[in-house]
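Since the structure comes first, as structure tokens, the remarks are kept for the end.
The values are calculated or read from the model by the stated rules, or taken from the named source; none is laboratory data. The structure displayed is predicted, hence computed values, not measured ones. Cβ atoms come from the backbone with ideal geometry, glycine included; neighbour counts cover every protein chain shown. These accessible areas exclude ligands, DNA and RNA; they are computed on the full protein's heavy atoms, side chains included. Shrake-Rupley method; radii C 1.70, N 1.55, O 1.52, S 1.80 Å.
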Amino acid sequence: MIMKKIDITANINGIQLPLCIMNASGVLCSTDQELSNLLDSHSGGVVTKSCTSQPRKGNILPRYFEWNMGSINSMGLPNFGIHFYLGFLEEKKINKPIFLSISGLSTEENYYLIQKANQSSKVTAIELNLSCPNLIGKENVFGYNFDKISNFIEKIFKFNKKPLGIKLPPYFQDAHIKNIASILNQFPIFFVTCINSLPNGLFIDANKESVVICPKKGFGGIGGPIIKPFALANIRKFYTYLRKDISIIGCGGISSGKDIFEHILCGASAVQIGTQFMKEGVSVFERLKKELILILEKKNYSSLNNFKGKLKNLQ
Ligand code: RRO
């Protein structure tokens, strides 16, 4: 039997990834060691921890907890500041696309961070995080601020020259997704990443009659397998409403090759792994790659374009 060569590289609006699977921002991508491990891993790209202009310690510990169906976090944007991430990239030999995630605490700070990212030749693309759910004293998720997003993005494209994508929060109403998509469609955005964690979840320990993380009385962002249906729904709807040249990076609830297949079927061009990467470490990328290839072999598909976005309806 002659096996067809199976191509699971990805193309994010012209950015070529050697593999369609990478890490989600926030997970094991904060320190020099973690980022070096990612550069050395099989991942198709490296996404850095969302950064601010100054280093931040983040919220008090414990701030992350996982169980069989998911994870809850209230990290509070701990990071070493943008200069650390740009400095790290300057020193390293870069062998795959680098997505610098930024998450300023104000619009002005985001403009500053985007300007800095524009000055680095090592940054392939900017992932602008408009969906951090865990900032004490800054509880509102900017991605839900429908009135302000348009002006904010308009100003960015007055000076930004780098490929830029936006990490979105999950939306739960069709009208909200239509609204955001119609705003994003007006700008030369390269990609959206759907979805960040589901904000303001609560996991509790019934034995101890207690919450499991310390900040914000135990409330935090939910990730992992239980959020997959929400990730798929957001990807599917954005795939329908966004301009076709805006790629979608799927994120949410992936722990197997089948989960990746489902994300791509809904319209994702590539995927990111959060909770499962945290559980398994860098070996997750090779495992998922093998599992995805097996599925494509069985279905006789030779590349992601054979099925990307081609989810069937029942009538
Ligand atoms: O650091 C965090 O608390 C955090 C961020 Br910035 C984010 O975008 N998503 C998340 O679940 N946690």
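Filtering segment 112-133 to residues that are more than 16 Å from the ligand (Cβ to nearest atom) and closer than 13 Å to residue 162 by Cβ leaves 114, 115, 116, 117, 118, 119, 120, 121, 122, 123, 124, 125. In segment 185-207 there is at least one residue matching the filter, namely being under 15 Å from the mean Cα position of the chain (by Cα), modelled with pLDDT of 95 or more and among the aromatic types (Phe, Trp, Tyr). Somewhere in segment 276-283, is a residue more than 20 Å from residue 5 (Cα to Cα), buried (at least 16 other Cβ atoms within 10 Å of the Cβ) and basic (Lys, Arg)? Checking segment 276-283: not a single residue is more than 20 Å from residue 5 (Cα to Cα), buried (at least 16 other Cβ atoms within 10 Å of the Cβ) and basic (Lys, Arg).
Checking the structure you have, find out if any residue of segment 58-75 is among the basic types (Lys, Arg) and within 13 Å of the ligand (Cβ to nearest atom). Write out each step before concluding.
Here is the first cut: in segment 58-75, the residues among the basic types (Lys, Arg) are 63.
From what's left, within 13 Å of the ligand (Cβ to nearest atom): 63.
Yes - at least one qualifying residue is present in segment 58-75.
Please go through segment 123-141 and give me each residue that is at pLDDT 90 or above and either closer than 20 Å to residue 188 by Cα or open to solvent by less than 10 Å² (accessible area, probe 1.4 Å) (or both), ordered by number. Correct list: 123, 124, 125, 126, 127, 128, 129, 130, 131. Applying the set (1) open to solvent by less than 70 Å² (accessible area, probe 1.4 Å); (2) farther than 27 Å from residue 185 by Cα; (3) among the polar types (S, T, N, Q); (4) more than 16 Å from the ligand (Cβ to nearest atom) to residue 300 leaves exactly one unmet item: (1).
Can you tell which of 120, 106 is over 17 Å from residue 189 (Cα atoms), surrounded by 14 or more Cβ atoms within 10 Å (Cβ to Cβ) and among the small types (Gly, Ala, Ser)?
Working: 106 fails: surrounded by 14 or more Cβ atoms within 10 Å (Cβ to Cβ).
Sole residue among the options that is over 17 Å from residue 189 (Cα atoms), surrounded by 14 or more Cβ atoms within 10 Å (Cβ to Cβ) and among the small types (Gly, Ala, Ser): 120.
Residue by residue through segment 40-61, note down the ones that are open to solvent by less than 10 Å² (accessible area, probe 1.4 Å) and assigned to a strand (DSSP E or B). Explain how you work it out, then say what you get.
The first filter runs over segment 40-61 and keeps only residues open to solvent by less than 10 Å² (accessible area, probe 1.4 Å), leaving 43-48, 50-52.
The answer is 46, 47, 51.
Taking the conditions (1) among the charged types (D, E, K, R); (2) under 28 Å from residue 273 (Cβ atoms); (3) in contact with a Phe, Trp or Tyr (Cβ under 7 Å, 6 or more places away or on another chain) in turn, residue 178 satisfies each one other than (2). Checking each residue in segment 261-315 for being in contact with a Gly (Cβ under 6 Å, 6 or more places away or on another chain) and of a type in the set (Asp, Glu) picks out only 291. Within segment 221-238, being away from the ligand (no atom under 16 Å from the Cβ) and surrounded by fewer than 24 Cβ atoms within 10 Å (Cβ to Cβ) holds for 229, 232, 233, 236, 237. Do you know which residues across segment 188-211 are among the hydrophobic types (A, V, I, L, M, F, W, C), more than 30 Å from residue 122 (Cβ to Cβ) and assigned to a strand (DSSP E or B)? The answer is 198, 202, 204, 211. Of all the criteria given as (1) in contact (Cβ under 8 Å) with a residue 12 or more places away in the chain; (2) farther than 20 Å from residue 282 by Cβ; (3) within 13 Å of the ligand (Cβ to nearest atom), the one not satisfied by residue 139 is (1).
Report whether or not residue 100 is in contact (Cβ under 8 Å) with a residue 12 or more places away in the chain, surrounded by fewer than 18 Cβ atoms within 10 Å (Cβ to Cβ) and more than 9 Å from the ligand (Cβ to nearest atom). Spelling it out, it is not the case that residue 100 is in contact (Cβ under 8 Å) with a residue 12 or more places away in the chain, surrounded by fewer than 18 Cβ atoms within 10 Å (Cβ to Cβ) and more than 9 Å from the ligand (Cβ to nearest atom).
Reported count of residues in segment 185-210, each being of a type outside the set (Phe, Trp, Tyr) and either surrounded by 21 or more Cβ atoms within 10 Å (Cβ to Cβ) or within 16 Å of the ligand (Cβ to nearest atom) (or both), is 12. From the list 37, 11, the lone residue that is open to solvent by 60 Å² or more (accessible area, probe 1.4 Å) and either in a strand (DSSP E or B) or acidic (Asp, Glu) (or both) is 11. A single entry from 146, 157, 172 fulfils the requirement of being farther than 25 Å from residue 97 by Cβ, of a type in the set (A, V, I, L, M, F, W, C) and more than 19 Å from the chain's Cα centre (by Cα): 146.
Scanning segment 143-165 for residues that are closer than 30 Å to residue 39 by Cβ and within 16 Å of the ligand (Cβ to nearest atom) turns up 143, 165.
For segment 263-302, residues that are out of contact with any His (no Cβ under 8 Å at 6 or more places or on another chain) and assigned to a loop (DSSP other than H, G, I, E, B) total 8.
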